[in-house]
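Chemist: Next up is a structure, given as structure tokens.
Just so it is clear, none of the values below were taken in a lab; they were calculated from the coordinates. Remember, it's a predicted structure, so these values are computed and weren't measured experimentally. Positions of Cβ are generated from backbone atoms using ideal geometry, with glycine treated the same way; all protein chains shown enter the neighbour counts.
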Amino acid sequence: MSKKHGVFFITLLLVVGLDQISKIYISSVMSLHASYPVIDGFFNITYVRNPGAAFGFLANATPMFRSLFLIVVSVAAIVMILWFLAKNRSAGMLLTFALSLILGGAAGNLLDRIRFGDVVDFLDFYIASCHWPAFNVADSAISVGAVLLIVEMFVRKKLRSLRQ
């Protein structure tokens, strides 16, 4: 196994593992909607369940449609990432790492959707009464992976322009 594949699998396992362990812990020690301040005026641990997707997307759809749609989209994203990496063996380390974060996050949230029908969220950042939607380790990994993908695209574009 190459170093790149090792990084991919270790990152994937760490993201899914940390995500699931944190969600199991939060749901076992906290009551739904309970909140504990960590940094007053900025950050709480707040146990919520998100039946929709990011920012409440599909929160008002019927539960059956919402669950089925989000499970299918998650599985499709996972399959596409695996297919892309299998077909593009020359993908660089940054791209591989970014995709492993996204895949790990998608898998972590998919496990919740299959088991519970919704996703456990608990990271609650806010300033005064303005709260960012609560999220979890999987969501964080997806966000960081997406930012790294954008960085990788700019780096690749810059390298191409330097070669011309």
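Chemist: How big, on average over all directions, is the shadow cast by the Cα convex hull of the chain, in nm²?
Modeler: Over all viewing directions, the chain projects a mean Cα-hull area of 12.0 nm².
Chemist: How much of the pair distance distribution for the stretch 1-56 lies past 14 Å, counting alpha-carbon pairs only, in percent?
Modeler: So the pairs more than 14 Å apart make up 70 percent of the total in the stretch 1-56.
Chemist: Please sort through the DSSP H helices of the chain and keep those with an alpha-carbon extent of at least 15 Å along the long axis and a Kyte-Doolittle average not below 1.0.
Modeler: Sorted by number, the helices that extend far enough and score high enough are 3-29, 63-87, 93-116.
Chemist: Given the C-alpha centroids of the stretch 8-38 and the stretch 88-114, what is the distance between them in whole angstrom?
Modeler: 18
Chemist: Is there a quick way to get the dipole size of the chain? I mean about its Cα centre, with the Cβ of Lys and Arg at +1 and of Asp and Glu at -1; what is the value in debye to the nearest 20?
Modeler: My answer is approximately 1020 debye.
Chemist: Over the stretch 1-94, how many percent of alpha carbon pairs lie in each 5 Å bin up to the one with the longest distance?
Modeler: 2, 10, 12, 15, 17, 16, 13, 9, 5, 1
Chemist: Separate question: Could you compute the net charge surrounding V119? Neighbours are other residues with a C-beta less than 12 Å from the C-beta of V119; K and R count +1, D and E count -1.
Modeler: Taking every other residue near V119 into account, the sum is 0.
Chemist: May I ask for the equivalent-ellipsoid semi-axes of the stretch 104-160, computed as the square root of five times each C-alpha gyration tensor eigenvalue and listed largest first in whole Å?
Modeler: Sorted largest first and rounded, they come to 28, 19, 6 Å.
Chemist: Near Q20, within a Cβ-to-Cβ distance under 14 Å, what is the net charge of the other residues, with Lys and Arg +1 and Asp and Glu -1?
Modeler: -1
Chemist: Still on this structure: How charged is the neighbourhood of N136? Take every other residue with its Cβ under 10 Å from the Cβ of N136, and add Lys/Arg as +1 and Asp/Glu as -1.
Modeler: Net charge in that neighbourhood comes out at -3.
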